[in-house]
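Below: one structure, written as structure tokens.
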Amino acid sequence: MREKSPQWVSSATRKRLQQIFQYLREYNQLHNPVEREIDNQPWVLWYRDLPSHESIQIGRLLQQSGEGDESEYLLRVCRPRISQAPEPPEAIREWLKRGWGSPVGKVEVEESRVETSSDGSKHEVRFGDDPERVRLLDDYTRLHTAWAERERPAWEALRVFEKLYALHAQMERDSERVELVLGDGLLTWHPEGAERIHHPVLLLPVTLEFDPDVPEFIVRESDKPPELYT
């Protein structure tokens, strides 16, 4: 048997306890801050930014399927097949600026360049001085534009695949520290006297699977329940 502790504390003691708890709370927020901005999270991928391409397929929640089929997925991203830019004519290739090999780049040429004659003298040559070069550039620009319009979605899908590849490597290294979640219910709020809140309030833990034989990434629901981000 032991003596019961008193059920009251003095105001001075209560004040000291409040100060201690205030210190502990601020210390915890300093070292374990609650992220209020979704874009400040270590990794973010918005569904709205996914390109429309056959290599990217958006699935559904198991609860929505009504069958609990393990083959269901939230997101499936295969490595897309991409094609290289059409080769430019040899007469204009050395005139082209960098970027023509990408579907988001432009076909641009240097206005002039310095060439060396057979006798060793140097002189300036302007691209537009040769009408044949101008014609070849016009033809190639039309060819490149048509290719870029067809190819751009595949290159955008490739960037998503590479982003998931980097994430998969990070999660394997830091599996005890990071977790992949699906967010829903985006809250935007400017509370008085505090930082802005712009973050999903409902979080569903998910898994990221990689099949190197395809290759493809699959995001599925985990066995953890959703949680309210309070």
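From the helices alone, meaning DSSP H stretches of at least four residues, give me the mean residue ellipticity at 222 nm for the chain, per-run term -39500 (n - 2.57), in deg cm²/dmol to the nearest 500.
Result for the chain, helices only: -10500 deg cm²/dmol.
Can you give the relative contact order of the chain as a percent, counting alpha carbon pairs under 8 Å and 6+ residues apart?
About 20 percent, as a whole number.
Pick from THR13, THR207, THR116: which residue has the top mean-square fluctuation in a GNM of the chain where Cα pairs under 10 Å get a spring?
Result for the chain, Cα springs under 10 Å: THR13 fluctuates most.
If I build a Gaussian network model for the chain, linking alpha-carbon pairs within less than 10 angstrom, which residue out of LEU61, LEU208, LEU75 has the largest mean-square fluctuation?
Sorting by GNM fluctuation, first place goes to LEU61.
I'd like the carbon and sulfur percentage of the solvent accessible area for the chain, probe radius 1.4 Å, heavy atoms only, ligands and nucleic acids excluded.
Exposed carbon and sulfur together represent 49 percent of the surface.
Distance in nm between label sites at LEU24 and VAL134, each 7 Å beyond Cα in the beta-carbon direction?
Each label point lies 7 Å from its Cα, and together they span 8.1 nm.
Classify the stretch 136-230 as rounded, prolate or oblate from the Cα gyration tensor: take a ≥ b ≥ c as the square roots of its eigenvalues, call it rounded if a/c is under 1.5, otherwise prolate when a/b beats b/c and oblate if not. Working shown, then result.
On the way: a/c = 3.22, a/b = 1.62, b/c = 1.99.
Taking the square roots of the gyration eigenvalues as a ≥ b ≥ c, the stretch 136-230 is oblate.
If you fit an axis through the alpha-carbon atoms of helix 11-31 and take the longest principal axis of the Cα set of the chain, what angle between them do you get, 0 to 90°, nearest 10?
The two axes meet at around 20 degrees.
If I fit a long axis through the Cα atoms of helix 131-173 and take the longest principal axis of the Cα atoms of the chain, what angle between them do I get, 0 to 90°, rounded to 10?
Orientation of helix 131-173: about 20 degrees from the principal axis.
Does the chain come out rounded, prolate or oblate by the C-alpha gyration tensor, with a ≥ b ≥ c the root eigenvalues, rounded set by a/c under 1.5 and, if not, prolate when a/b is larger than b/c and oblate if not?
Taking the square roots of the gyration eigenvalues as a ≥ b ≥ c, the chain is prolate.
Could you order the peptides 125-131, 77-83 from most to least packed, using the average number of other C-beta atoms within 10 Å per residue? Numbers along the way, then the final one.
Values: 125-131: 11.6, 77-83: 15.7.
Top of the packing list down: 77-83, 125-131.
Which residue, HIS144, HIS198, HIS190, has the most motion in a Gaussian network model of the chain that connects Cα atoms within less than 10 Å?
Ranking HIS144, HIS198, HIS190 by mean-square fluctuation puts HIS190 first.
Please count, across the chain, the pairs of lysine residues with Cα atoms under 28 Å apart that sit 8 or more places apart or on different chains. Present the calculation step by step, with values, prior to reporting the outcome.
Values: LYS4/LYS15; LYS97/LYS106; LYS97/LYS122; LYS97/LYS163; LYS106/LYS163; LYS163/LYS224.
Taking the Cα cut-off of 28 Å, the pair count is 6.
Please compute the per residue accessible area over the chain with all protein chains in place, 1.4 Å probe, rounded to a whole number of Å².
74 Å²
The values are calculated or read from the model by the stated rules, or taken from the named source; none is laboratory data. Because the structure is a prediction, the values reported are computed rather than measured. In this analysis, Cβ positions are derived from the backbone assuming ideal geometry, glycine residues included, and neighbour counts consider all displayed protein chains. Remember, those area values only see protein heavy atoms, side chains included, never the ligands or the DNA or RNA. Shrake-Rupley method; radii C 1.70, N 1.55, O 1.52, S 1.80 Å.
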